[in-house]
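What follows is a short report on a single structure.
What follows draws every value from the coordinates through simple rules; no lab data is involved. On a predicted model such as this, the values are computed, not experimentally measured, just so you know. Don't worry about glycine lacking a Cβ; one is built from the backbone with ideal geometry, like all the others, and counts go over all protein chains shown.
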């Protein structure tokens, strides 16, 4: 099992040459990341080794949940001394450490899905209550789609949203 380290410890190790590996998806990384970190998405981790010429790797995600939940897979991918940044990039920021931000990047795709799905459910409920009960089907359809996405790993709404003009950078 990988040991967890604080943001201050991670910064110190990185200053001595440790490689900081961000396991979030590219859209999350593009919007905000730890300066000098490399992006090795968890979804691609088994297909290529973690980058860097260091003997030490520090993995992180947004809050630490993905890294902790996938610690065995991360340890195997590291093939060297490896750590998990406790609390992820959120803890890094809370410690007052710098992050590279690009506000021109679209918000993360999963947040876009949450916003769109939540909006459609509310609209379906409002229209069902105020116009015609048949509109409740919209909420049911969106809910069923979310369940299907969770079970299968395929999210049709995410596939549709990535085609939107504001997400051009995600397709490049």
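Legend: ranking of residues 24, 66, 111 from fewest to most surrounding C-beta atoms inside 10 Å; resulting order 111, 66, 24. Treating r as the C-beta distance of residue 1 and residue 116 and R0 as 41 Å, the FRET efficiency rounds to 0.65. Against the main long axis of the alpha-carbon atoms of the chain, helix 109-130 sits at an angle near 20°. Expressed as a whole percent, the proportion of Cα-Cα pairs in the range 109-171 lying more than 15 Å apart is 55%. Contact order, relative form, for the chain: 22 percent (alpha carbon pairs under 8 Å, 6 or more residues apart, mean separation divided by residue count).
Counting every other Cβ atom within 10 Å of each residue's Cβ, 27, 90, 102, 22 order from fewest to most as 102, 90, 27, 22. By other beta-carbon atoms within 10 Å, ranking 59, 136, 83 with the fewest at the front produces 136, 83, 59. Under the simplified labelling scheme, the residue 107-residue 94 pair shows an inter-label distance of 2.2 nm, with each label point 7 Å from Cα along Cα→Cβ. Based on the alpha-carbon gyration tensor of the range 3-101 and its eigenvalue square roots a ≥ b ≥ c, which shape applies: rounded if a/c is under 1.5, prolate if not and a/b is larger than b/c, or oblate? The shape class here is rounded.
Take every DSSP beta bridge whose two residues both sit in the chain; close to 15 percent of them are antiparallel. Calculated on the Cα set of the range 62-158, radius of gyration then Dmax: 19.4, 61 Å.
Note on the chain: the C-alpha convex hull projects to 11.8 nm² when averaged across all orientations. Helical content alone sets the calculated 222 nm signal of the chain at -14000 deg cm²/dmol, taking -39,500 (n - 2.57) per DSSP H segment of four or more residues and averaging over every residue.
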